[in-house]
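Please treat every number below as a calculation from the coordinates, not as lab data. Predicted model, so just to flag it, every value in this text is computed and none were measured. Here the Cβ is made from the backbone with ideal geometry for all residues, glycine too, and neighbour counts use every protein chain on show.
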Amino acid sequence: MKFDTAYSVSLDDKLSIYDVRELNFDETAAYDSDKDRFLCPNDACRAAFETGNVLGTYNAKNVNYQRTPHFKNTPSTEHIEGCRYASSHKPAAGESDDAREDNFPSEFVLTRRTYARITPVVDAEGQAPQAPAQTLSGRSPAAVSASDSTPDKTSVFAHPVECYVSNIDHKDKLKAMPLKIGEHSATYWAFFKKIEYLQDNHGLIYWGKIKAIKDYTSSFRIDFEKKVWLDKKPYSVNVYLSKKLIENYRKRKAFLEQIKAAASSERPLYCFFYGVTPALKQVPSKKNPEQTFGVFSANIENLDHLIIREVPMLE
């Protein structure tokens, strides 16, 4: 049984697995998921057991991954009768337990989430604090409540990207799932735009297969395989990551590990980014600086909104 939300004992809050990954790689955060304890996100279920009734994590600390990150039950994890997170729970219509990400956030929030680092008070019986209105009952009705729902907003770019990538062969599903970014609302299918069609609309999530990553030691350029056609002429597309942007990034170590590995990798990789739209620019030729050539290019402004990863279903 996999699910993407759990209660964090150290933060006294419910986190998505993508929140946990963010905190693990954040060099400004004193956090290590291996030292945290994750409990059932169902308030009634969590209240029925001591804090030793923990969940496990999958791909919470791997910089690169192919299979969807998630929380999971351990062999000793217990749940109350009827809890949707129990391994014996039969998925309802629309739920699945395969490798796909089924928890689609309806909004990608551009402001990064902050976490109040509060060590929760544990009562005399070793139980974690619960929402005050919950009834501590082992009966099935208590297992279904408003507090049992998955958060419908996320500030972690990897979450909507994983939803799109792991369901990329389910076009109808992506067309049915709503997504809001800023003031713009559309479907997942409409928001994710292949890089060669970037002229169709601005303010989307652009993505494409990487042709090459140019490593300039302290800065990088990502070249895309597909070209943009304008006035019957093909133009290359790239995005540039500046030295200052990388040096000031709070996840600098993890990012450098990822992009340096990607630059030398022979595996097919894809880049997803949001916040900038490559525009046609004239750049000087290396062989003859007096001559220029056109290229669609953009400077990435926020590394939180850029991802390099594999897309297994496209290969």
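Tell me, what is the FRET efficiency for D152 and E290 to the nearest 0.05, using R0 = 45 angstrom and their Cβ-Cβ distance as r?
Efficiency at R0 = 45 Å is approximately 0.25.
Relative to the present Cα-Cα distance, how much length would full extension add between K214 and Y197 at 0.36 nm per residue of separation?
Values: separation 17, 0.36 × 17 = 6.12 nm, distance 2.31 nm.
Taking 0.36 nm per residue and subtracting the Cα distance, the gain is 3.8 nm.
S185 to R67: FRET efficiency via 1/(1 + (r/R0)^6), r the Cβ-Cβ distance, R0 25 Å, to the nearest 0.05?
It comes out at approximately 0.25.
Assign unit charges at the C-beta atoms only (+1 for Lys and Arg, -1 for Asp and Glu), then state the dipole size of the stretch 211-315 relative to its Cα centre in Debye, rounded to the nearest 20.
With only Lys, Arg, Asp and Glu charged at Cβ, the dipole is about 200 debye.
Which ³J(HN,Hα) values in Hz, rounded to whole numbers, follow from the phi angles of the stretch 173-178 under the Karplus curve 6.51 cos²θ - 1.76 cosθ + 1.60, where θ = phi - 60° and Gly and Pro get x?
5, 5, 6, 8, 8, x
When the label point is put 7 Å from the Cα of Y58 along its Cα-to-beta-carbon vector, which residues of the stretch 1-29 have a backbone N closer than 11 Å?
Under cut-off, by backbone N: 1-4.
Please arrange W229, W207 by how many other C-beta atoms lie within 10 Å of their C-beta, fewest to most.
Details: W229 12, W207 22.
Ranked by crowding around the Cβ, least crowded first: W229, W207.
Can you classify the stretch 177-298 as rounded, prolate or oblate using the Cα gyration tensor, where a ≥ b ≥ c are the square roots of its eigenvalues, rounded means a/c under 1.5, and otherwise it's prolate if a/b beats b/c and oblate if not?
oblate
Provide the net charge surrounding L204, with neighbours chosen by a C-beta distance below 14 Å and charges set as Lys +1, Arg +1, Asp -1, Glu -1. Don't skip to the end; give the middle numbers.
Details: positive: K180, K193, K194; negative: E183, E196, D200.
After counting each charged neighbour, the total is 0.
How long is the gain from V283 to H170 if the chain were fully straight, where each residue apart is worth 0.36 nm and the alpha carbon distance is subtracted?
In short, 36.7 nm is gained.
Net charge near E27: determine it from the other residues with C-beta under 11 Å of the C-beta of E27, scoring Lys and Arg +1 and Asp and Glu -1.
Taking every other residue near E27 into account, the sum is +3.
Could you work out how far the C-alpha centroid of the stretch 9-77 sits from that of the stretch 213-278, in angstrom?
30
Need one number: nm distance between label points at N248 and E78, each 7 Å from Cα along Cα→Cβ, rounded to one decimal.
Modelled inter-label distance: 5.2 nm.
In nm, to one decimal, how far is the modelled label at A30 from the one at T114, with both set 7 Å along Cα→Cβ?
1.8
Taking the stretch 1-70, which chymotrypsin sites (Phe, Trp or Tyr not before Pro) meet the DSSP loop condition and have no more than 16 other C-beta atoms within 10 Å?
Here the sparse-neighbourhood loop sites are Y65.
Residue by residue through the stretch 268-274, what is 3J(HN,Hα) from phi via Karplus (6.51 cos²θ - 1.76 cosθ + 1.60, θ = phi - 60°)? Round to whole Hz and write x for glycine and proline.
With the stated coefficients, the stretch 268-274 comes to x, 10, 10, 10, 10, 8, 9 Hz.
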